[in-house]
Structures are given as C-alpha cells and as structure tokens.
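Accompanying notes for the structure given below.
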Amino acid sequence: MELREATRQDLPVVLALLADAGEERAEVNEAHEQAFAAIEADPRNEMLVLADGDAVVGCLQLTYIPGLGQGGRERALVEAVRIREDRRGGGLGAELMRLAVERARERGCGLVQLTSNKRRSAAHRFYERLGFARSHEGFKLGLDG
C-alpha cells in the first residue's frame, strides 16, 4: 500500500469513493476540476489516495490549519475518509489513518482533528479505536439557498 497525493487522473475514482459508489468512476464536472486544481495548488491542502498497485482503494483530504494554539503549530484536519466498499473490513481504513497521522506528525502538526456525522456510530467506534477522543460538539451552517 502506498499513500500518495492524488493526480488529476485519480479524480473520477476519488469522486466515486466520496459518493460511496465502489469501483465505479464518477463523472467529473467543471466545479470538481476547479476544486481539485485549488487543492493541488495550495500547500496547506492535500488530497491523498491509498493505492494498492495501480488501484486506488481509499482517499482522504488533509488540510493544515495554522493557529496560535498548540504552541503555534499547525493542526491537521482530516476529511473525506473513504475506503472502497469491496475492500472494507481488512484494516485499510486504519492503515490510511495511520499514514495520514504520520504525515501530519512529520509536518510538525500539534494535533489531528476530524468530524464525523452523528449518525455514523460505526465510524465513531473506528476513530475511537485509533485513539481519537470525542472532545467538542460541532456545528454547521449551510450557505446554499
């Protein structure tokens, strides 16, 4: 397994993972192209894929946030964690998260944080098994319509 930065060629597979569509390739539109280009150009953002040879089996996005807390060290925000449906249950999610945490540690981050939908109790147990603690209550405000 290799954790690497996603390339433009990975975009349809990453979108399929985010849509939880298994191995299917999702249709890429202009908004996806622009978002991927922005992530790729930003040194504080990484779209990462877990590859098994040529096959992308997982993904996540890491965003590095500067701040005055944590002794002025960055914190890493983990989002969009997905493992291909037919590869779940074999430890790939734990490996993906281990590699992401190690990447943040090597960058000098003082903290790795993530949010998870309240309805995803299995995901919460997964993150807790990895050592993540429930520490804050999260809030969102949608800006559409």
Legend entry - Kirkwood Rh, Cα atoms: Rg over Rh of region 1-58: 0.95
Inset, instruction - Could you list the trypsin sites (Lys or Arg not before Pro) in region 1-53 that lie in coil according to DSSP, counting only those with at most 15 other Cβ atoms within 10 Å of their Cβ? - result: 25, 44
Legend entry - Isotropic mean projected area of the C-alpha convex hull, the chain (nm²): 9.8
Legend entry - Sites matching GluC sites (Glu not before Pro) across region 1-81 that sit in DSSP coil, with at most 11 neighbouring C-beta atoms within 10 Å: 27
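A short reminder: the numbers here are calculations on the coordinates, not readings from a lab. Only a predicted model underlies this, so the values are computations on that prediction, with no experimental measurement involved. Cβ: placed from backbone, ideal geometry, glycine included. Neighbour counts: every protein chain shown.
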